[in-house]
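Reading through the structure tokens given below for one structure.
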Amino acid sequence: TNKNTEEFIPSGKCSGHGLYFADESDLSHFANIGYGDKVAHIKLLEEEAIWVEDNKCKTNQFEIVRIEPIEEYFSNFSVEQQAKAVQCNGLTIAYFKNPSEQLQLQAVRQNGRAIEYIENSSKQVQLEAVQQDGIAILYIKNFSEQIQLAAVKQNGRAIQFIENPSEQIQLEAVRQNGRA
């Protein structure tokens, strides 16, 4: 059993003292953003107060039932669960082996930088990624002029990741952002 040693106040914002957890349906919010590389399956204790706020929860004490690597946890997801996960957080695509192009598109539409975790992305996936976030071009190898143009139209500063940009790309970058 894990127990919080500070005074637990089951109210207010989910900040301060308490042990934090998320419902399984909200776990995707926390993948790939510095919360660690393991998933703990817990059992809540009946006598403990719980504070719920959006997709975060806190309590004073819970029992850890099992801990597994996050990759293993996501490896058991159905196609439907994968779609829900990337819709919530595109970066979760990193945990799915051989994702379909449809899943890749969902992921980059939610977060263009999810393309970092997609091997051999199609031109369509690349285009969607840079249209969502021009800086995503940083994670694309061998990009076309069309991808470059879309990237700088979305974010002129994406030009810094384009080696020898054409005059058209340079002009579009400056149009989008004078500091480009």
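No lab work stands behind these numbers, since they all come straight from the coordinates. Source: prediction; values computed, not measured. Glycine gets a Cβ as well: all are built from the backbone with ideal geometry, and neighbour counts include every protein chain shown.
For GLU63 and LYS84, the FRET efficiency from 1/(1 + (r/R0)^6), where r spans their Cβ atoms and R0 equals 25 Å, is about 0.40.
Helix 101-110 and the longest principal axis of the Cα set of the chain meet at an angle near 80°.
Contour minus end-to-end for SER75 and ASN98, with contour as 0.36 nm per residue of separation and end-to-end as the Cα-Cα distance?
Roughly 7.2 nm would be gained on extension.
For the chain, the calculated P(r) over all alpha carbon pairs, in 10 Å bins from 0 to the bin holding the longest distance, is 10, 29, 24, 19, 13, 5, 0 percent. In order along segment 83-98, the Karplus-derived 3J(HN,Hα) couplings, from 6.51 cos²θ - 1.76 cosθ + 1.60 at θ = phi - 60°, round to 4, 5, 5, 6, 5, 7, 8, x, 5, 5, 4, 4, 8, 9, 7, 6 Hz, and Gly and Pro are given as x.
With a Förster radius of 41 Å applied to the beta-carbon distance between GLU24 and ARG179, the computed FRET efficiency rounds to 0.40.
Just order 57-63, 41-47 by mean Cβ neighbour count inside 10 Å, highest at the front, would you? Write out the running numbers ahead of the final one.
Details: 57-63: 19.0, 41-47: 11.3.
Top to bottom by mean Cβ count within 10 Å: 57-63, 41-47.
Cα extents for segment 71-153 along the principal axes, largest to smallest and rounded to whole angstrom: 38, 20, 17. Between the Cα long axis of helix 145-154 and the first principal axis of the chain there is an angle of about 60°, rounded to the nearest 10. Given q = 0.15, 0.18, 0.33 Å⁻¹, what are the Debye log10 I(q)/I(0) values for segment 133-180, with equal point scatterers placed on the Cα positions and solvent ignored? Relative scattering, expressed as log10 I(q)/I(0), comes to -0.27, -0.40, -1.39.
Kindly rank 145-157, 75-87 from highest to lowest mean number of other beta carbons found within 10 Å of each residue. Working shown, then result.
On the way: 145-157: 20.4, 75-87: 15.4.
Going from most to least packed, we get 145-157, 75-87.
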